[in-house]
1. Which of the residues that make up region 163-205 are in contact with a Leu (Cβ under 7 Å, 6 or more places away or on another chain), closer than 20 Å to T52 by Cα and not small (G, A, S)?
2. Are any residues in region 43-76 free of Cβ contacts under 8 Å to residues at least 60 places away in the same chain and either within 30 Å of D228 (Cβ to Cβ) or among the hydrophobic types (A, V, I, L, M, F, W, C) (or both), and if so, which ones?
3. Quick one: how many residues across region 221-252 are in a helix (DSSP H, G or I) and over 30 Å from K69 (Cβ atoms)?
4. Test R110 against the stated conditions and say whether it is assigned to a helix (DSSP H, G or I), modelled with pLDDT of 90 or more and charged (D, E, K, R).
5. Within region 151-173, is even one residue crowded, with 20+ Cβ neighbours inside 10 Å, within 24 Å of L242 (Cβ to Cβ) and among the small types (G, A, S)?
6. Is there a residue being at positive phi and out of contact with any Gly (no Cβ under 8 Å at 6 or more places or on another chain) anywhere in region 113-130?
7. If only one of W268, W251, W260 is modelled with pLDDT of 85 or more and either on the phi < 0 side of the Ramachandran plot or touching a strand residue (DSSP E or B) at 6+ places or on another chain (Cβ under 9 Å) (or both), which one is it?
8. Taking the options I19, I53, name whichever one is of a type in the set (V, I, T) and modelled with pLDDT of 90 or more.
Amino acid sequence: MASELCFREKVHVVPPFEIVFPLDREIAMLKFNLHTLWLFTRSDLKAVLFPTIIFATCGALSGKIVTTKEDVTISGVLSRLPLVAVWTWVHLLVHDIANQRLTPGIIEDRINKPWRPLPAGRITQDHASKLLLVVTLATFAISWHLGTLRESVTLVVLTWIYNNLGGADKHPILRNVLNACGLISCNAAATVIAASLGHTSFTRNAHAWSAIVASVIASTIHVQDFSDSSGDAAIGRRSIPLVYGDGPARWSIAVLVTTWSFLCPWYWGLRVVSYIMPVVIGAMVHLEHDSVLLASVQMIGLEAGVDKTSLDE
């Protein structure tokens, strides 16, 4: 009896539901890692990825008004949008990993966004740094293939200035300007990919329009800093709401959004009816969604292309 009892104690029968096959483990790990990558960029999709896709689509469909590519078709542009999305997302991932892996970023995210990978414990700082190197090299390879390597290098340099040299923290105006330069570089690359896989360039009108859009972004992007004020204050970041006060910062958004809502369609010489959409959307700024303003600005480019084409005909 004693030997039988001992034998029974040593034998452990694993129920079927506890059996884990190697393939299942690999699939679970893949899902975990993909979800981690998504969490790095989750909060920036509405402010960067979606407006960039809109800008690229409108710019490409505007034809010779924006790019040197004349024979642009709707089906061609739509077929290249997945490439636009991939290019934009991997560059957004580079920026977000570079920003979130640093100690101040982790401290801020513990307050503002505790679900992000590093404060949530999904990845270590060391592993995040190694991941950043791999993703950066991947973006260069993708950009070289698509003909947008110049814009890719520009974005990586801006990311380095923004994060490693303290461009995001030391001065509120510099912070806004760096954001604007990064977003407009992203928009430019996305547009040429959508138009002709990088085998085209911007026209003089497009460069001027890009400067205007950059000015819109630089003067209003601090709308995204209001919700992050607690974390920004904890790490000593000098954002516009913290430096100049919440009230003046909000008034600056209201005034500048209203102003740009009239100036942008005026620049293109659009008909009065074309003012309706940007002005109405500009009035919605109290919703505090920076992507609303950016989407409005991008759509003006498409309207300008349509109006100019009709005038040429």
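1. Within region 163-205, L178, C181, C186, I193, L197 meet the criteria.
2. Of everything in region 43-76, those that are free of Cβ contacts under 8 Å to residues at least 60 places away in the same chain and either within 30 Å of D228 (Cβ to Cβ) or among the hydrophobic types (A, V, I, L, M, F, W, C) (or both) turn out to be D44, L45, L49, I74.
3. Number satisfying all stated conditions: 22.
4. yes
5. For region 151-173, residues crowded, with 20+ Cβ neighbours inside 10 Å, within 24 Å of L242 (Cβ to Cβ) and among the small types (G, A, S): present.
6. Yes, some residue in region 113-130 is at positive phi and out of contact with any Gly (no Cβ under 8 Å at 6 or more places or on another chain).
7. Among W268, W251, W260, only W260 is modelled with pLDDT of 85 or more and either on the phi < 0 side of the Ramachandran plot or touching a strand residue (DSSP E or B) at 6+ places or on another chain (Cβ under 9 Å) (or both).
8. Just one listed residue meets the conditions, I53.
The values are calculated or read from the model by the stated rules, or taken from the named source; none is laboratory data. The shown structure was predicted, so the numbers you read here are calculated from the model rather than taken from an experiment. Please note: Cβ atoms are built from the backbone with ideal geometry, for glycine as well, and neighbour counts cover all protein chains shown.
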